[in-house]
Amino acid sequence: MEKCRKVGIIGAGAGWDKAPYDDPEWEFWSLNNLYRKLDTTKFSRWFELHDFECDKDGDYKRRKVYSYSNMSINDYMKAIADLNIPVYMQQKWGIIPKSRKFPFKAIMKRYGKYFGCSFAWMIGFILHENEKAAEKKVDTIGFWGVDLIGHEYLYQRPTTEYMIGLAKGRGIKIIIGKDSELLRMPFIYALDEDSDLIHLLYTNDMINQMVLWYQGFMVRAWNNDIGG
């Protein structure tokens, strides 16, 4: 019987510490500066998908600035290099010997442009690798510390849940940590509605926030829709 893989995607939210780190059947992936709180010896891949550049003096910038999380980008890149595992980025960087170019174009060609955060891209990457792999395909994806609540909910959570749906449609088992809000609703529409809760969810502040977000979203959506 073909041996499949289980991939745990770890975020910074509640429940990140409840993943089955000691189960040898699992491999774990994480991202950005979470090496500060995680035992990185348990991880096999890292993702830093944001834009980096190097100025004429040899100093690095991430997302157009020279610092991130109270450290210089130079030091941040060295810290990522010290993980000594493959790091997927927009391009390879000499300062990170194990950096790998992330296949954005190939993933978008297959799955469209509906990506709102790194977690969505990571799921797309799994699907991309599965299509190329002759064996040891990923058959289970687990999420711990990935809740995407608050302001992130507006554009990150929907795209992550969409990619989870694509994965489930391809027969991949999905495990969501109990602390996460992914794929969860406070009520079942039409069958188990709570009128007080619905009213709370749709206060004027929420409506105004959604309108502003929607207006900005639609300006960009014409070339970033699900269909590609």
Practice problem: Return the pairs, sorted by first residue and then second, in which the second residue is assigned to a loop (DSSP other than H, G, I, E, B) and modelled with pLDDT of 95 or more, the first residue lies in the stretch 60-76 and is under 16 Å from residue 49 (Cβ atoms) and basic (Lys, Arg), the beta carbons are less than 9 Å apart, and the residues are 6+ apart or on different chains. | Solution: 61/51; 61/55; 62/48; 62/50; 62/51; 63/50; 63/51; 64/51
Exercise. Working only within the stretch 23-38, note down all residues that are among the acidic types (Asp, Glu) and buried (at least 17 other Cβ atoms within 10 Å of the Cβ).
Key: none
Practice problem: Check every one of the helices (runs of 4 or more DSSP H) wholly within the stretch 81-191 and list those with 1 or more residues that are among the polar types (S, T, N, Q) and under 24 Å from residue 5 (Cβ atoms). | Solution: 118-132, 156-169
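Quick one: which residue in 47, 104 is in contact with a Leu (Cβ under 6 Å, 6 or more places away or on another chain) and surrounded by 13 or more Cβ atoms within 10 Å (Cβ to Cβ)? If you could, list the steps in order and put the result at the bottom.
Values: 104 fails: in contact with a Leu (Cβ under 6 Å, 6 or more places away or on another chain).
Going through 47, 104 in turn, the sole match is 47.
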Quiz item: Within the bounds of the stretch 4-13, is there any residue that is at pLDDT below 95, of a type outside the set (A, V, I, L, M), under 20 Å from residue 126 (Cα atoms) and not in a strand (DSSP E or B)?
Solution: yes
Quiz item: Filter the stretch 14-47 for residues that are in contact (Cβ under 8 Å) with a residue 60 or more places away in the chain and assigned to a strand (DSSP E or B); which is nearest to residue 70 (Cα to Cα)?
Solution: 31
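The values are calculated or read from the model by the stated rules, or taken from the named source; none is laboratory data. Since the model is a prediction, treat every value here as computed from it, not as a measurement. Quick reminder, even Gly has a Cβ in these numbers, built from the backbone with ideal geometry, and neighbours come from all protein chains shown.
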